[in-house]
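Enquirer: Take a look at the following structure, please.
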Amino acid sequence: MSSMKVCVLFRPLNSKELSEFGDAVSVQGINSDSFIIKDEKEQEFEFTFDRVFYQGSEQADIYEFLALPIVQGAVDAINGTIITYGQTGAGKTYSMEGPSIVDCENKKKGLLQRVVDGLFDAIVNSEKPSKYTIKLSMVEIYMEKVRFESLSLVPEEISRFISIAITQHRFIHKHAFKLSISLRDLFDLSKDNIQIKESKVHGIILNGATEVAISNSTEALQSLSSGIANRAVGETQMNMSSSRSHCLYIFTVQQDFAKDKRTKFGKLILADLAGSEKVEKTGAEGKILEEAKTINQSLTALGKVINAMTSCTPGKPTHIPYRDSKLTRILQDALGGCSQTALLCCCSPSPFNSSESLSTLRFGARAKHIKASVHVSCKEDLDCNKAIAVYTNVDESRERILGKLRETMTAEDVQLLEKLFVLEGIFFDPNSVDEIEAAYEDVTSRTISSLHKAVEELSTGVEKVSFPNGIELHFDVPWWIISQMKRENAALKARLKASEEFYRRQLEIRPLCLIL
Ligand code: ADP
Ligand code: MG
């Protein structure tokens with residue numbers, strides 16, 4: 001078992017800090033892994049990490065200590081993840097990209113440029129595969145505001161929707177929106193709802209995300225640069241800033257050895273996370289505040305996962321809430337065990353930001369306790385092909401199921417059900433047996449009970465608005481709202497019935513899936 005490597009970086013003071021506090025710093029170094037930091041009340045806290053990079057540290061040193069072993073691991077088929085964490089402006093993106101991803105002076109190059117060079121170097125110096133491919137995907141987890149077109153939605157949305165309509169006495173169609181977290185492909189902005197899946201061979205997979213093959217460092221930097229430029233385009237379109245989104249750079253390295261028919265597969269994720277500052281401190285208001293809160297939920301989920309992992313009793317099964325956010329789901333492999341993970345906690349050294357720095361450092365201290373069992377994901381060619389065959393069969397089963405549903409239901413309902421099951425994570429790679437077991441135990445009951453709840457809430461809503469003289473209501477409800485709610489209630493009941501039937505049939509098919 002190896003623990004997560006956690007390092008701290010104190011960036012140079014910025015102009016705002018210099019103007020507010022001069023060159024005062026709240027950090028006092030003890031040695032290369034320990035330091036003391038003072039909070040706003042001058043109280044001192046001592047921290048020890050794997051390495052502390054004080055102001056003026058070289059980007060090359062950070063790479064060599066934090067990332068190089070992980071890069072070498074990826075070439076040796078050990079998955080790796082490097083995460084930058086910290087408040088906005090603390091140096092996360094600078095550590096990843098340097099001042100610019102291309103045309104950057106050697107000294108200032110960030111982790112990404114060095115990782116790319118490192119991957120090619122490590123392959124050249126490795127056991128010489130007969131063929132190798134390095135692929136790169138870039139995705140962004142961001143918040144979006146989705147309009148509701150009608151009431152044919154997932155249950156939680158319906159209940160929220162109805163409660164808005166009843167409590168606020170506003171017309172339904174005017175307030176039909178929700179905030180949701182989506183996954184966008186930074187190489188193809190039209191793919192803005194990438195689904196996360198799991199395979200036993202390749203772990204967490206981003207279904208349909210563009211993978212760009214890179215054959216040298218120059219090509220890799222050009223691709224990275226286009227992804228980063230798309231991130232900026234997306235930000236403008238969504239009127240958001242990158243401090244409110246998480247950016248993930250995913251490198252996959254596949255090496256084939258013809259002589260003994262082996263394939264080595266390694267994955268390396270670099271995660272530039274959204275700013276971890278507390279939203280109430282940033283002065284955000286209205287829509288921006290909502291956005292900041294929503295994206296911060298992923299960081300809260302990450303914190304909860306880390307807490308669950310570090311507070312579990314050995315030998316006792318503990319529920320780790322990976323599924324609570326897209327971020328933790330994607331990083332599940334990285335945090336959960338079969339991976340080498342490094343966390344760079346980026347902090348300001350100024351007293352101006354000491355409370356945010358302390359919160360970042362506490363997060364890092366907690367993460368330090370995560371233990372991971374590193375393993376090599378080396379597969380015989382045969383195994384990989386078998387896995388691909390299973391995956392294809394699963395897609396066929398899914399199509400068969402959907403085809404059957406199409407015979408009895410409208411195309412729109414089938415589409416909605418498919419969407420609902422994908423959202424709920426019911427369509428999994430059955431190669432991952434644990435996943436499907438958990439999914440059936442967990443998702444079936446959760447989804448059916450949430451559908452039941454939504455039907456009940458909607459029925460109550462219909463009753464309330466049907467009797468406008470009732471005590472709870474102090475307004476006249478237009479007849480068309482009542483009839484629309486009745487219609488939607490009937491439709492929802494029909495969907496619930498169809499869902500239950502669908503699950504029943506899925507359960508019958510399941511044993512077949514598992515032995516495919
Ligand atoms: P974050 O991504 O954490 O919001 P950035 O990485 O964009 O913050 O950093 C904000 C600014 O601070 C950068 O544009 C850069 O000018 C400066 N900066 C951050 N880290 C460093 C560093 N290690 N060395 C020099 N300047 C830095
Ligand atoms: Mg940034």
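Enquirer: Subtract the Cα-Cα distance of Ala24 and Asn307 from 0.36 nm times their separation in residues, and report this length gain in nm to one decimal.
Expert: Full-extension gain reported as 98.5 nm.
Enquirer: I've got another one for you. If you take the alpha carbon radius of gyration of the stretch 1-105 and divide it by 2.2 N^0.38 Å, what ratio comes out, to two decimals?
Expert: Compactness ratio reported: 1.22.
Enquirer: The stretch 60-114: which GluC sites (Glu not before Pro) are DSSP loop and have at most 13 other beta-carbon atoms within 10 angstrom?
Expert: Glu105
Enquirer: Cβ neighbours within 10 Å, averaged per peptide: list 182-193, 323-334, 212-223 in order, most packed at the top.
Expert: So the peptides 182-193, 323-334, 212-223, ranked by packing, come out 323-334, 182-193, 212-223.
Enquirer: Provide the packing ranking of 347-354, 300-307, i.e. peptides ordered by the mean count of other C-beta atoms within 10 Å per residue, highest first.
Expert: For the peptides 347-354, 300-307, the packing ranking is 347-354, 300-307.
Enquirer: Find the centroid of the Cα atoms in the stretch 217-271 and in the stretch 47-75, then give the distance between the two in whole Å.
Expert: Result: 20 Å between the Cα centres.
Enquirer: Further, regarding this structure: Could you tell me the calculated FRET efficiency between Arg406 and Gln297, based on Cβ-Cβ distance and R0 = 45 angstrom, to the nearest 0.05?
Expert: 0.80
Each value in this text was obtained by applying a stated rule to the coordinates, not by laboratory testing. Model, not experiment: these values are computed from the prediction. Note that each Cβ is placed from the backbone with ideal geometry, even for glycine, and that neighbours are counted across all protein chains shown.
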